[in-house]
Structures are given as structure tokens and as C-alpha cells.
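Single-structure report; data block below.
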């Protein structure tokens, strides 16, 4: 439990610490007013039940004389008004504090999810190779909400109610120590016993809920991501079942938690009623003075009115925290794991000059958990303003080499030099400002053509002239202007579903050209296109030749026919290099790859 509280306090003090401490002070003041409100009823009931106490009680008589009262009736009215005003003030403070408490804790949902997303996005690219996007989405959307609603809010509320319980018990203990010890021992002990009996079941329910929630999100992600294939195969029922089974398990977990939190209430309502009867008998037998019993009964009745809901809510809060332990651990661990990436990356003012060449020197790279390196002591020299082809079988290391060049992967050994400057963490962003990248599958957001070309730019930052120029270079400007209903402001749909594959690919090329890069990588950018569409893309690439450095990764060799130099990769090393005709004449593996191409063409 101490580790749980440590993690809760970590999130509570994540930011806005002044507000947090101010809220703690407000909670203490509110609890004190609650105690004073309960205590203020006691003298009022004493005077009602026994008016003579004004003269027999030294404290009450002092108040009566000090304020110049001459009538018992006026004094009684004044006590009643004061008691009511204190209770009214207490409830106003409770309302204001509760409002502040709710806003503070729910704003934590915003701040935690924002900072966790920031930390995820600023993690190195390799981080995402080992993490499932559905899992990260689950943590951001579901588990952060669970941390807030299941731990942070219950923690703050439990603290509030615990203070109220302590202050009221101090008041009751001052009036009648034996009675309050008897009542709290029975009721408090019962709640503690029930909690310890069910605590392991609550933990299991929380862990199961988290595990099944991940499966739910993964199922939804796969269902909507593969909707075309699902509809074609008629497999809707399979994905409905994949979602329904874990969803039902999650509901069962919530039901178990809710029942454990609520069931003691009914038992203790019966126990409390019996306790009140026993306590009344205790007062009658021990005190043997009905005039003294009446004020005590009134005091305990009002105290019970405040205490019983507080005790029940404390129990519910504790069970909620226990069942949300798995979510708290997950989010906390991810915060600690990513905490070195917490600071926002500062964008460099300049661009790293690239005028002559890029050189790989003895590069060795191995993926986490892989048995052997993808490439070892790899060397490569790329000349500026040339068109370079990288070809080879699947797994030859083409994409890995390019990802290292793009700064997405960091080699375990070796160096990369741009002209006479070695790439490192300090100048990597300056280098990346030179780069454009066109993947095989273009990601398009459900937004306008303009925003998809100027991807990641705010509306104020978008240069519409640069958007149009990039579209012209990518051979898609005429299509946008003449065939789309709203031109550049046309919505493309989720993942560009309203566009053809070639149109999406050309928008991807325009996106890569938007920032006027000096080096562009085409990573299997035409492999999924038909011949006519591929020719259109190749024409766009040809228009850029010798104006920029172009790297083309390809399986289909006609894509690299016009390259200045082609590197044939095999098992993470350069097996051969030369022009298309040179490799066709001198390399058997290349000829086999070209023959496959010819056979397919025929």
C-alpha cells in the first residue's frame, strides 16, 4: 500500500503543486468546519432539554452573560441560528472544495495523458518496433482514465473523508470516550476485515480488466483497419466475437469490484441500527439521566449522519484504488521508463549542409531481441545529387540501412558522415531537415489535401504556394485542381479512402517535397501500383533527378533502371554495385531478379 500511495502522490505532484497544497489546506479547513458544525448542535440541544443548564454550566453561563442575554428564549434562538449558520457555512465550504477537488483531479487526466503521449512520441523510433499501437492507445485512453477515476479521485476523496472522520471522532471522544470507542471498534473493524478478505480478489479483477481491455482495443483496431478484407471474406462475426468475449470479461471485472464495494453497506446499515439501539440502552443504563441522554443522542445522530456515508465512501475509495492498482502500475512504469524524454525537443534553427556525399563507416546494427546483427561493419558512399537504387531479397537490410540514414535507428557501432561532419545527437535534427521520405503505404489523415501535404503544420504555418509547387513536382496538381470537388480543400477520408493508390502515393511524394529536401527516399513507393500509375510516379521521380539526391528501395527492377548507381544488398552487405546494364551483364542474382520481372511483364 505504501508503494501505491507513493505512485499516487507522484501523479498528484506531477504539476501544479501549489494548487495541490492549496487544495489540501481547503480540505483541512472544510473538515474542521464540519466538526464545529456537529459540535455546535450539542449546546443547543442541551439548552432545549434542560434550560437550567444556562445557570449550572459555567461555560454556557459565561457566553450567556458575555453577550448580554436577558432571556432564555432569545439565547436559545441565538444558539439555533449560530448552529444553522455554521452548518450552512460548512456545506458551502464542502461544495466549493468538492468542486475544486473534482476539477483538479480530472485535469490530471488531461495533463497525464498529454505528457504520456508526449513521452511516447519523443521516444526513439526503435521504441515503436517493440510496442503495439493498440496497447499504447489503451494506456492513453483507458488506463489513464482509470488511474484518475480509480485512484487519484478516490485517494483525494478518501483523504477528505478520513479527516472528517478523525475530527468528528475526536469530538465524540471528548464527550464520551467509551461510547465512541465501542462504535468505531465494531464498525471500523468490520470494514477493515472485509477489505482484507477481498483485497486479493480486487487486485485480480483489476489485472484481468486491464488485460482484457488491451484485447478489446486490439480487436477494434484490427476490425476497422482491415474492414475491406473483413467485408470481402464475410468475417464480420469473427471480429464481433473477438471483441465480445473480452468485453464481457471486462464487465464481469467491473461488476465484481462494484459488488465488493457496495455489499458491506447493507450489512453495516443493519449493524449500525442495532448499534444505535445498544448505544441508547447504554446511555439510559449508565447515564441514568434522560435530560443528559437527549443532547448526546442528538449529537451522535448528527455525527452518524456525517460519519456513516464517509465510512462507506472510504471503503469504496480504498476498494477502487486496490482494483485500479494494475492501471496505476502500468502508467507509472511507462512514465518512469520514458522520463528521460519528458522535455520537448528544441527545433534547430539551421540545416546541416549536404553538398558532396554521405558516408557509412563500419556500421553495425542489431534489433533488440534479435539473434544476430542485420548489418555488420557496413560501408557505403553516396554522392550528392545522384539517384541511387538499393535492391535485394527481403531481409537483405535495405530498409534498415535507410532507417539508419534517416536517423530513425541508431547503430551500435560505426559512424555516418555528411560531407565532413559526423552525425550525432546534437546535429541529427539539423540533418533530418534535409530529408524527405515516401513509404510504400502512405498514411493520410482524415483531412484536406492541403493539410495532408503540409503534414504536421498548423494552419498558420502552412505555405500554400509551397503546397502547390510540391503537388506540381509530384504530378498531382492538375488532378487536385480539376477533378476534386473542392480542390486543395477536399477531404480525403480516413487513410485517404476516397483516393486511388496512385493518387495517395503522389500526395505522399508531394508531402516529402513540401519542405524542399535535398535528399528523398522512396521506400518501395511503387511496388503496390499498376504499370501505368507506376510510370506516372517514375516520371515524377525522373523530374527530380540530379536536382536532389534520390534513394530508391525496390523489388521491381524497372523502378531503378534509370538510377546512376544500384547497390545489390545481401545479408546486410553490398554484394555488388553498378548501373542497371552492368549488373544485368555481370551478376547472376540480379539477372534472376530481372528475369522474374520479365516473366511477370510477359
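Only the coordinates and a few stated rules stand behind these numbers; no lab work does. What you see is a predicted model; the values in this text were computed from it and never measured. Every residue, glycine among them, receives a Cβ derived from its backbone with ideal geometry; neighbour counts consider all protein chains shown.
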### Query
Taking 0.36 nm per intervening residue step and subtracting the Cα-Cα distance, what contour gain separates residue 500 from residue 85 on full extension?
142.2 nm
#### Entry: 11 Å reach of a label modelled at residue 357, 7 Å along Cα-to-Cβ, counting backbone N of the range 363-394
380-384
### Fewest-first sequence of 563, 255, 338 by Cβ atoms within 10 Å of each Cβ
255, 338, 563
## Note on the structure
Taking only C-alpha positions in the range 1-123, Rg and Dmax in angstrom work out to 23.3, 77
### Query
Please report, for the Cα atoms of the range 440-516, the Rg to one decimal and the Dmax as a whole number; what are they, in angstrom?
10.8, 30
### Task
Sort 10, 335, 522 so that the residue with the fewest other Cβ atoms within 10 Å of its own Cβ comes first and the one with the most comes last.
10, 335, 522
### Task
Pop a pseudo-label 7 angstrom from the Cα along the beta-carbon direction at both residue 117 and residue 72 and give the gap in nm to one decimal.
7.0 nm
#### Entry: Fewest-first sequence of 549, 160, 448 by Cβ atoms within 10 Å of each Cβ
448, 549, 160
### Message
At a 10 angstrom cut-off on C-beta neighbours, averaged per residue, how do the peptides 34-43, 70-79 rank from highest to lowest?
### Response
34-43, 70-79
## Note on the structure
Within the range 470-496, the residues whose backbone N lies under 16 Å from a label point placed 7 Å from the Cα of residue 441 along the Cα-to-Cβ direction are 494-496
### Task
Find how much the distance from residue 564 to residue 372 grows on full extension, using 0.36 nm per residue of separation minus their present alpha carbon separation; answer in nm with one decimal.
65.9 nm
### Summary
The orientation-averaged projected area of the Cα convex hull of the range 377-521, in nm², is 10.3 nm²
#### Entry: Ratio Rg/Rh [Cα only; Rh per Kirkwood] for the range 370-439
0.94
### Task
Give the distance, in whole Å, between the Cα centre of the range 466-487 and the Cα centre of the range 17-67.
77 Å
